[in-house]
Amino acid sequence: MKIIFYLLVVSISVFATTLDELLQYAMHHNSTIKQSEVQIELSELKQKESYIQQYGEFNLLGNYIHYNTARTLAPLTPTSIGAGVPITTSKDIFYVGVNYEVSLFTGYAQTRQIEISNITKQMADAKMKLTKEQLVYNVRSLYLSILAQREIVQAQMSYLKALMTLRKQIEYEVKLGKKAKIDLLKAKSNEQSVQTQIEVLKNNIEISKATLSVLVGKKVEKLEFLKIEMTKPQYSINRLYAKVNSLTKIKIEDMAVYKADKNIQKSEAKKLPQINFLIFAGKNYGEDLKTNEWDNKTLWQAEIGVKWNIFDFGKRDIFVQQAKIAKLDATFKKKQTFLDLRKLLIEALSKIEQSYAEYLGNVSQLKLSKKIEKIEKVRYKNGVSTLNDFLLAKSQTQLVHAKMIESRYSYQKSKYYLEYLLEQGVTK
């Protein structure tokens, strides 16, 4: 019989999913991760766009113009007038050509935009790391919640089995006239209450599994048992504080401040002259009004243009001021993020220590509760105490047992939360 039970346990374990397997699958199929990947791709394209813009652009040109008076296909020059060659004129002129234009100097606005796009790409990569850390913690948390509820259900099933045995014993003794019928009704009521609790827990497990399935990206069925080692917490808050500055959360805020500074410099670039280069070549086509024959002229031109906005009623100053306010806001956010992290680290350590203390207290209390239950059982059998006293002692034992299970998983969940804060959940 023991061999059959062992084989059953092994077969269940083989088909159960481990936490590591779920995490690996979630990293490749979670929708939030995919969204972050899209954001990284988008930032890469923006980065390429910033680089490409500094090389200018080629354009294919074409137009048709109808004039009310005859026009020449090309501007008249002294040479063309004195040559004595007939000059083609037309009221309908078609133009086809190509041009190339590029900014030679933008007040360093293009340079700043390239730097901004580089920072944006780095921020997208950093946010991906935080997204993965959040995913790992959420999966771990739900995994532990399901295991805790499953273990409590198993304990409740054992409790229910004991109550059913007690109820059958009371039924037998009622028939013999040794026990009052009210005791049987109390036993049935208590048994029904436990059955209801088990159903509620099972429903909660299904809800947690559904949520976990959404996070992972596939349907979650059986979960592998996770061994939890209860060791006394030995953390130094000062050492943890020292790690804050190197966290990705702080680095992102640093990049946000740096990006805001570059936006200030980009806004100030509007105060400098803008120099552009333009070259184009093409042909004008038209039907000569005198001969009714089509003719064409080749045109090309190269130019360098300068544009310097010397007064715009304070518009550029407003842009600069807005960028400075954005930098100030980013600086405040960085300070607040730093303070929040310090506070969350204290809370995480407190939760670990609290869960550990609760676990030790529940273990001691469970031992005492079991002794009390045994005593009340003997007292009830001997008619010294009532069934209420015995059922109360038994339910108290079960309550402490459930609390012990919860505190053990809460301890592990708190450790996972600390790893999440310290960005240690994702293994490379």
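Structure notes:
- All of Glu268, Glu303 fail the test of being within 30 Å of Thr120 (Cβ to Cβ) and within 52 Å of the chain's Cα centre (by Cα), apart from Glu268.
- When Ser213 is tested against (1) touching a residue at least 12 places away in the same chain (Cβ under 8 Å); (2) surrounded by 15 or more Cβ atoms within 10 Å (Cβ to Cβ); (3) within 24 Å of the chain's Cα centre (by Cα), just one condition goes unmet, and that condition is (1).
- Among the residues of the range 282-297, those that are touching a residue at least 24 places away in the same chain (Cβ under 8 Å) and not in a loop (DSSP other than H, G, I, E, B) comprise Gly282, Lys283, Asn284, Tyr285, Gly286, Glu287, Asp295, Asn296, Lys297.
- Of all residues in the range 373-389 being surrounded by fewer than 18 Cβ atoms within 10 Å (Cβ to Cβ) and hydrophobic (A, V, I, L, M, F, W, C), the one that is nearest to Tyr409 (Cα to Cα): Ile375
- Count of residues meeting criterion [of a type in the set (S, T, N, Q), part of a loop (DSSP other than H, G, I, E, B) and out of contact with any Lys or Arg (no Cβ under 7 Å at 6 or more places or on another chain)] in the range 374-402: 2
- When Ser407, Ser350 are checked against the criterion of being surrounded by fewer than 17 Cβ atoms within 10 Å (Cβ to Cβ), small (Gly, Ala, Ser) and out of contact with any strand residue (DSSP E or B) (no Cβ under 6 Å at 6 or more places or on another chain), a single residue qualifies: Ser350.
- Flag for Lys188 being over 27 Å from Ser141 (Cβ atoms), modelled with pLDDT under 90 and out of contact with any Lys or Arg (no Cβ under 7 Å at 6 or more places or on another chain): no
- Verdict on Val139 being surrounded by fewer than 15 Cβ atoms within 10 Å (Cβ to Cβ) and over 30 Å from Leu387 (Cα atoms): no
- The range 192-225, subset assigned to a helix (DSSP H, G or I) and small (Gly, Ala, Ser), residue farthest from Gln24 (Cα to Cα): Ser193
- Any hit, the range 167-178, residues being touching a residue at least 40 places away in the same chain (Cβ under 8 Å), closer than 30 Å to Ser395 by Cα and either over 47 Å from the mean Cα position of the chain (by Cα) or surrounded by fewer than 15 Cβ atoms within 10 Å (Cβ to Cβ) (or both): yes
- Unique residue being part of a helix (DSSP H, G or I), touching a residue at least 24 places away in the same chain (Cβ under 8 Å) and of a type in the set (A, V, I, L, M) when the list is Ile250, Ile279, Ile228: Ile250
Residue-by-condition table, conditions (1) out of contact with any helix residue (DSSP H, G or I) (no Cβ under 7 Å at 6 or more places or on another chain); (2) in the same structural domain as Ala74 (by TED's automatic domain parsing); (3) polar (S, T, N, Q):
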| site | (1), (2), (3) |
| --- | --- |
| Tyr285 | yes, yes, no |
| Ile318 | yes, no, no |
| Ala326 | no, no, no |
| Phe332 | yes, no, no |
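- Subset of the range 403-428 [of a type in the set (Ser, Thr, Tyr) and assigned to a loop (DSSP other than H, G, I, E, B)]: Thr427
- Residue in the range 386-399 that is under 33 Å from the mean Cα position of the chain (by Cα) and of a type in the set (A, V, I, L, M) present: no
- Matching residues, the range 49-69, being without any contact (Cβ under 8 Å) to a residue 40 or more places away in the chain and surrounded by 12 or more Cβ atoms within 10 Å (Cβ to Cβ): Ile65, Tyr67
- If the condition is being β-branched (Val, Ile, Thr) and surrounded by 15 or more Cβ atoms within 10 Å (Cβ to Cβ), then the range 179-210 contributes Val194, Ile198, Ile205.
- Subset tally (residues that are modelled with pLDDT of 90 or more and surrounded by fewer than 18 Cβ atoms within 10 Å (Cβ to Cβ)) for the range 79-94: 3
The values are calculated or read from the model by the stated rules, or taken from the named source; none is laboratory data. Keep in mind the model is a prediction, meaning the values are calculated, not measured. Here the Cβ is made from the backbone with ideal geometry for all residues, glycine too, and neighbour counts use every protein chain on show.
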